[in-house]
């Protein structure tokens, strides 16, 4: 049982959710309420990681994070270490490939709020930020929760992108999904089985909790 | 001038051309069919819509003046609005919804004040219910309470009776009618229902395609519409063309020639002899001549014909008379069901009616192209 890999995966998942929450809320809300030229293209771009093969996506990120690219070299100049094959690089990759899982459910969450409710907030004397806090956030909450769980679970299970961008460095980039693959390769099926069972358990518990919470909130607001 | 003054003008994206004034304590109904721009005008007053050109002021406070570049955001306008769907916050209780409009008060006062307002709209005991657990009528009362909570300078009601059943609607009409005596602010009621406007409003602004066609007292607009277009919008059916043949203002009447019938009407001195006019008579002002006992009133603009349609609507009978047996001269009239029965009204029966001279209203004739369009639409 590779506890280090499990801990790294959990950390990666937690950081991904933490960083994607504000990004998803801002982008999801913007896409839900704003019409602009090229909106369809922007939405397609956000959803792209859903359909792109993970290895292809990982390959492009590897090129983008490499020292030959402006992003990779800028990171190296600032931090003194390369972005590829590092936890930070892995986190950045995780943020990018989780964008659709974070933004799309939140966008649906905000879209589900009738326009009149926000107007009612304004006519109750609420300035926009208070409408956001008192009306939009509580009502979009099921979407936000779904987005968080999906991003977390997806990070835990992602394999192709992780292997391409992070490699297999214990304690730095070796996630539990990679560790399972590693164990299978070494014919250590007992460890692979235990780790798979733990991953299954974590996924089952999070998704059950989400459904339960969403239902409870649905009842509260229905 | 205190009260609410509204002017809106724009060509696109929604054409708007409306101007009206609503005095403090007055209920003004904005009436028009779907798509007539009435809700957009209401949203303009609340600051939820910004027209290209317009001015909205309440009690010397300017909320919108596009020429001066003034656009007060909606949360700074003291406009209480009751939305068509009520738009109650589903995640808040009744008291929470009212409290949401009282966030300018310290938290300690808020709950007490919200409870007082809910009590005012007879919702005591239901404070902790969420909107989903309230009936349609109760939801409407919470919406009204929330709109009144901020002590608005204008109260705006957007078709507030359309989402409830007819029994609840009747009760809510009575409640609004009794509540309005206590309201000192201008109240704008958006509705497509003319009967609602007749019952509740002091004044009416008739809208069509974003244009205000007429402004006045509801009964005047209904019975004395300013144009044929307005007449059709308010549901007048007995609209015909005629020629003015004699003007006798000194005796208080005008004589029309309606395809061979001489009709006496109340004096309409704006028209001259020989002018073509459109005229209407409300169905309620067409009097049926009794078969058994002709009365003195039968000499007043009598016309005869054959009943072509006869429908019983509850205790009222609505009949269409083909005057002189011609189907291009259809006069619709209504009588109580028992009167219809006593006079043996029915399809194919002959009948005579009087068109009350004082109720005949003259208008400028419809422009030719409009008339063709209407004929085609019919």
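Any read-out appearing in this document is the output of simple, stated calculations on the displayed coordinates, not a laboratory observation. In this text the structure is predicted, and so the values were computed from the model without any measurement. With ideal geometry, Cβ positions are generated from the backbone for all residues, glycine too; neighbour counts draw on all protein chains shown.
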Considering only chain B, percent of DSSP beta bridges that pair antiparallel, nearest 5: 80 percent
FRET efficiency for residue B:291 and residue A:51, using Cβ-Cβ distance with R0 set to 56 Å, rounded to 0.05: 0.10
Inter-label distance, nm, simple model (7 Å from Cα along the C-beta direction), residue A:7/residue A:198: 1.1 nm
Debye log10 I(q)/I(0) at q = 0.13, 0.21, 0.25 Å⁻¹ for segment B:218-282, Cα point scatterers: -0.35, -0.87, -1.10
Relative exposure of B:211, B:248, judged by other C-beta atoms within 10 Å (fewest first): B:248, B:211
Folded to 0 to 90 degrees: helix A:87-97 orientation relative to chain A principal axis, Cα: 50 degrees
Distance (nanometres) between label positions extended 7 Å along Cα→Cβ at residue B:166 and residue B:217: 2.9 nm
Å³ per residue enclosed by the Cα convex hull of the protein assembly as shown: 245 Å³
Between 0 and 90°, nearest 10: helix B:136-149 axis offset from chain B longest Cα axis: 60 degrees
Estimated FRET transfer efficiency (residue A:111, residue B:60; beta-carbon r; R0 51 Å; 0.05): 0.80
R0 of 56 Å, Cβ-Cβ distance residue B:241-residue A:39: FRET efficiency to nearest 0.05: 0.55
Spin-label model distance (nm) - residue B:17 vs residue B:248, 7 Å beyond Cα toward Cβ: 4.0 nm
Fraction in percent of alpha-carbon pairs per bin - 5 Å, segment B:4-232: 1, 7, 14, 18, 19, 16, 12, 7, 3, 1, 0, 0
Per residue convex hull volume, Cα atoms of segment B:139-281, in Å³: 155 Å³
Protection proxy ranking of B:60-72, B:25-37 - average other beta-carbon atoms within 10 Å, highest first: B:25-37, B:60-72
Rg followed by Dmax, in Å, when segment B:1-101 is reduced to its Cα trace: 14.7, 42
Estimated D of segment B:283-352 in µm² per second, where Rh is the Kirkwood radius over Cα pairs and Stokes-Einstein applies at 10 °C, 1.306 mPa s: 132 µm²/s
Cβ neighbours within 10 Å from other chains - mean over A:136-148: 1
Semi-axis lengths (Å, descending) of the ellipsoid that matches the C-alpha gyration tensor of segment B:109-183: 19, 16, 11
Rg ratio (alpha-carbon, reference 2.2 N^0.38 Å) - segment B:141-220: 1.12
Using alpha-carbon coordinates, inclination of helix A:54-65 to the longest axis of chain A, degrees: 90 degrees
Distance from segment A:23-60 to segment A:167-182 (C-alpha centre basis), Å: 28 Å
Between segment B:63-82 and segment B:178-208, the Cα center-to-center distance that results, in Å: 22 Å
Hydrodynamic radius (Kirkwood) for segment A:3-221, which is based on Cα pairs only, to one decimal in Å: 18.9 Å
Per-bin percent of Cα-Cα distances, segment A:7-119 [10 Å]: 13, 35, 34, 14, 4, 0
Peptide-level mean, for B:83-90, of C-beta atoms on other protein chains within 10 Å: 6
